[in-house]
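What follows is a single structure, written as structure tokens, with notes after it.
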Amino acid sequence: MPTTPPRISLMAAAEIRDILTALQLGQRPAAIAGLMAIDAESWAAVEQRLAALDGDLPAALRSLV
């Protein structure tokens, strides 16, 4: 039986938007808090999508700072 791929929840998508905004404004503590608020399934979905683009999470985060 095929498994369902992980999905990014609406809440996690909003957190990601807020993280990007916080980074633009130089608010690193707020960005870190947002990263910690993302649920495990959404993280798995983000990592899966980054891998499909030959990327990885640490590199993506470093490119934002």
Restricting to the range 1-30, what's the tally of residues that are outside any loop (DSSP other than H, G, I, E, B) and touching an Asp or Glu at 6+ places or on another chain (Cβ under 8 Å)?
3
Which of the following residues is part of a helix (DSSP H, G or I) and touching a residue at least 12 places away in the same chain (Cβ under 8 Å): 59, 51, 45?
45
Matching entry among 38, 8, 32, 16 (being at pLDDT below 95 and surrounded by 15 or more Cβ atoms within 10 Å (Cβ to Cβ))
16
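The values are calculated or read from the model by the stated rules, or taken from the named source; none is laboratory data. These figures come from a predicted structure and were not determined experimentally. Glycine also receives a Cβ, built like all others from the backbone with ideal geometry; neighbour counts cover every protein chain displayed.
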